[in-house]
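**Student:** A single structure is presented below for examination.
The values are calculated or read from the model by the stated rules, or taken from the named source; none is laboratory data. Quantities reported herein were computed from a predicted structural model and do not represent experimental measurements. Heads up, the Cβs are rebuilt from the backbone with ideal geometry, glycines too, and the neighbour counts pull from every protein chain shown. All accessible areas refer to the heavy atoms of the entire protein, side chains included, with ligands and DNA or RNA removed. Shrake-Rupley method; radii C 1.70, N 1.55, O 1.52, S 1.80 Å.
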Amino acid sequence: CDYSVLLLVAAQLLRATTSSAAMGIPEQLAAVQAAVNAAAAARAEALKIPERSVRLVAVSKTKPVEDLKAAYDAGHRHFGENYVQEIVEKAPVMPLDTQWHFIGSLQSNKVAMLVKGCPGLACLETISSEKLARAVDKAWQAAYPERPLRVMVQVNSSGEETKNGVEPAEVAGLCSIIAKECEGLQLAGLMTIGAPDYSGCRTEDFETLRKCRDEAAAALGVDAESLEMSMGMSSDYENAIREGSTSVRVGSSIFGARHYPAKS
């Protein structure tokens with residue numbers, strides 16, 4: 001880890017805490033998108049490979065619909081939500097072409113609420129068990145039999161007990177079940193959160209996800225590049241892209257710091 005990397009992390013943290021009063025949501029969104037594009041270009045140049053576009057999912061949890069509409073009006077379409085109640089409240093009042101990503105922990109008893117309340121769900125990124133996969137598959141087929149739902153398997157790449165996700169050794173097996181037995185689901189790839197990275201030098205979790213992706217692809221007999229890797233957030237998304245991420249989830253760098261309601 002060198003001094004330039006530490007400076008990069010400091011810049012990321014500064015962007016994440018920039019007040020929307022100093023820079024509006026469209027400007028913050030544009031700055032993050034530019035950084036995403038630059039990181040993707042840098043990876044392609046370093047590896048001498050064709051540049052691959054990276055999806056930017058704007059994480060809007062706890063944010064009012066007005067903030068989402070400001071990003072939408074600036075041309076953005078992919079939004080990520082962590083809570084079922086929030087996404088089903090926001091989905092009906094956002095334009096129909098909004099691409100919703102559910103990126104929070106999902107309990108089986110909330111599956112029906114999510115599926116029925118968010119028909120525009122583009123991807124459910126947090127499949128963490130066979131039980132959950134089959135519950136989502138059943139609910140989605142019942143509601144929308146004409147099209148499959150793209151899903152990702154969440155991997156606990158850091159081994160932290162507080163993190164949701166499948167253990168790396170179980171990823172290929174769960175991917176096979178989804179791809180071969182869940183007709184209402186389309187396996188899009190893998191997702192991880194990883195451990196907090198305060199140095200800007202941590203790549204272990206990204207490397208673990210890439211290894212899991214390669215193993216899953218081999219088990220399915222498909223090209224590894226056909227499976228996405230959703231990894232990287234406000235503090236480390238540029239580093240994640242350099243490690244091969246195809247989708248990053250960025251919230252505070254776009255919408256500003258989150259304000260959670262006080263617990264009574």
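**Student:** Can you tell me which of G165, G173 is within 19 Å of the chain's Cα centre (by Cα), open to solvent by 10 Å² or more (accessible area, probe 1.4 Å) and not aromatic (F, W, Y)? Working first, answer last.
**Tutor:** Working: G173 fails: within 19 Å of the chain's Cα centre (by Cα).
None of the other options fit; the residue is G165.
**Student:** Something else about it: Pick from segment 203-228 the residues that are modelled with pLDDT of 95 or more and touching a Gly at 6+ places or on another chain (Cβ under 6 Å): which of them is surrounded by the fewest Cβ atoms within 10 Å (Cβ to Cβ)?
**Tutor:** Per the criteria, the residue is R210.
**Student:** Further, regarding this structure: Among the residues of segment 157-171, write down those that are closer than 25 Å to V57 by Cα and either small (G, A, S) or at pLDDT 95 or above (or both).
**Tutor:** First pass over segment 157-171, keeping only residues closer than 25 Å to V57 by Cα: 157-160, 162-168, 171.
Residues satisfying the conditions are S157, S158, G159, G165, V166, E167, P168, V171.
**Student:** On to the next question. If K180 satisfies all but one of (1) open to solvent by 20 Å² or more (accessible area, probe 1.4 Å); (2) among the charged types (D, E, K, R); (3) in a helix (DSSP H, G or I); (4) closer than 18 Å to W100 by Cα, what's the number of the condition it fails?
**Tutor:** (4)
**Student:** Output the number of the condition that W140 fails; it satisfies all remaining conditions of (1) in contact with an Asp or Glu (Cβ under 9 Å, 6 or more places away or on another chain); (2) buried (at least 21 other Cβ atoms within 10 Å of the Cβ).
**Tutor:** Checking W140 against (1) in contact with an Asp or Glu (Cβ under 9 Å, 6 or more places away or on another chain); (2) buried (at least 21 other Cβ atoms within 10 Å of the Cβ), the one that fails is (1).
**Student:** Starting from residues that are of a type in the set (S, T, N, Q) and at pLDDT below 95, keep the ones in segment 1-52 and report whichever is least open to solvent (accessible area, probe 1.4 Å). Please lay out each step first, then the result.
**Tutor:** Step one: list which residues in segment 1-52 are of a type in the set (S, T, N, Q), which gives 4, 12, 17-20, 28, 33, 37.
Narrowing the set further to residues that are at pLDDT below 95 leaves 4, 12, 17-20.
Numbers: S4: 72, Q12: 5, T17: 102, T18: 39, S19: 62, S20: 66 Å².
Filtering segment 1-52 for residues that are of a type in the set (S, T, N, Q) and at pLDDT below 95, the one least open to solvent (accessible area, probe 1.4 Å) comes out as Q12.
**Student:** Separate question: Of all residues in segment 81-133, which are touching a residue at least 40 places away in the same chain (Cβ under 8 Å), assigned to a helix (DSSP H, G or I) and buried (at least 19 other Cβ atoms within 10 Å of the Cβ)? Working first, answer last.
**Tutor:** Let us first name the residues in segment 81-133 that are touching a residue at least 40 places away in the same chain (Cβ under 8 Å), namely 101, 103-105, 122-123, 125-127, 129-130, 133.
Still in the list and also assigned to a helix (DSSP H, G or I): 130, 133.
Correct list: A133 only.
**Student:** Among residues belonging to segment 186-202 that are at pLDDT 90 or above and among the polar types (S, T, N, Q), point out the one that is nearest to the chain's Cα centre (by Cα).
**Tutor:** Residues of segment 186-202 that are at pLDDT 90 or above, as a first pass: 186-193.
Applying the additional criterion that residues be among the polar types (S, T, N, Q) yields 186, 192.
On the way: Q186: 16, T192: 8 Å.
Among them, the one singled out is T192.
**Student:** Being in contact (Cβ under 8 Å) with a residue 60 or more places away in the chain and within 18 Å of S105 (Cα to Cα) narrows it down to one residue among S235, S230; which is it? Full working, then the answer.
**Tutor:** Values: S235 fails: within 18 Å of S105 (Cα to Cα).
Within the list S235, S230, the selection yields S230.
**Student:** Oh, and also: Considering (1) in a loop (DSSP other than H, G, I, E, B); (2) within 18 Å of E228 (Cβ to Cβ); (3) open to solvent by 30 Å² or more (accessible area, probe 1.4 Å), say which one S157 fails and leave the rest.
**Tutor:** Every condition holds for S157 apart from (3).
**Student:** I'd like to know if segment 187-205 contains one or more residues that are closer than 27 Å to V250 by Cα, touching a residue at least 40 places away in the same chain (Cβ under 8 Å) and assigned to a helix (DSSP H, G or I).
**Tutor:** yes
**Student:** Let me ask another. Out of everything in segment 70-80 that is part of a helix (DSSP H, G or I) and in contact with a helix residue (DSSP H, G or I) (Cβ under 9 Å, 6 or more places away or on another chain), what residue ends up being most open to solvent (accessible area, probe 1.4 Å)?
**Tutor:** We begin by selecting, within segment 70-80, every residue part of a helix (DSSP H, G or I); these are 70-73.
Then drop every residue that is not in contact with a helix residue (DSSP H, G or I) (Cβ under 9 Å, 6 or more places away or on another chain), which leaves 70-71, 73.
Working: A70: 33, A71: 0, D73: 127 Å².
Applying the filter and picking the extreme gives D73.
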